[in-house]
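Okay, so here's the structure we're looking at.
Read the figures in this text as sums done on the coordinates, not as results from a lab. What you see is a predicted model; the values in this text were computed from it and never measured. A quick note on method: Cβ atoms are made from the backbone with ideal geometry, for glycine too, and the neighbour counts reach across all protein chains shown.
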Amino acid sequence: TERTLVLVKPDGVERRLIGEVISRIERKGLTLVALDLRTVDRELASQHYAEHDGKPFFESLLEFITSGPVLAAVAEGPRAISAWRQLAGGTDPVEKAAPGSIRGDFGLEVQYNLVHGSDSPESAAREIKLWFPNL
Ligand code: ATP
């Protein structure tokens, strides 16, 4: 069994998609083991997105992710990392995310792509520790 970090980013929260996202995770059969609505500070945001430091979109990404409440969650199950990435769809909601995925169904712009999922066991471990140090 595996664990992955789930985020509903500020655009997803603002668009009232928390229920939709949680519903899809539950229908898939994953188990939610942590759930928290919070406003992210710059410190956490820049640690979370450390790999993008220096890229042209880094500043605007930090501004976006700190712009309003985020739903942070941890989902658990067999192949949870891959399962959640499939539910989310590719990073670009138009060119990469398939219809039927969350981004494919609800997204239009790369930055405002609604959700986040860890991309490997290493990033899942790092991200879960960062967002839920007591888990
Ligand atoms: P996430 O980490 O949010 O799940 P991802 O792993 O699919 O996304 P990454 O390439 O790690 O994609 O990019 C992290 C986030 O940065 C993206 O989800 C998106 O919000 C934003 N982003 C990525 N590329 C761009 C870009 N070219 N312009 C603006 N924002 C971008």
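Some points to look at:
- The residue pairs whose first member lies in the stretch 97-113 and is near the ligand (Cβ under 8 Å from one of its atoms), whose second member is in a helix (DSSP H, G or I) and of a type outside the set (S, T, N, Q), and whose beta carbons are closer than 7 Å, counting only pairs six or more residues apart or on different chains, are Gln111/Leu61; Gln111/Phe64; Tyr112/Asp11; Asn113/Arg103.
- Positions within the stretch 10-38 being over 13 Å from the mean Cα position of the chain (by Cα) and surrounded by 12 or more Cβ atoms within 10 Å (Cβ to Cβ), in sequence order: Glu14, Arg15, Glu20, Arg24, Glu26, Lys28, Leu30, Thr31, Leu32, Val33, Ala34
- Filter result for Gly117 (more than 13 Å from the ligand (Cβ to nearest atom), in contact (Cβ under 8 Å) with a residue 24 or more places away in the chain and of a type outside the set (Phe, Trp, Tyr)): no
- Residue count, the stretch 40-62 (criterion: within 10 Å of the ligand (Cβ to nearest atom) and without any contact (Cβ under 8 Å) to a residue 12 or more places away in the chain): 5
- Qualifying residue in the stretch 61-69 (condition: closer than 20 Å to Glu2 by Cβ and aliphatic (A, V, I, L, M)): no
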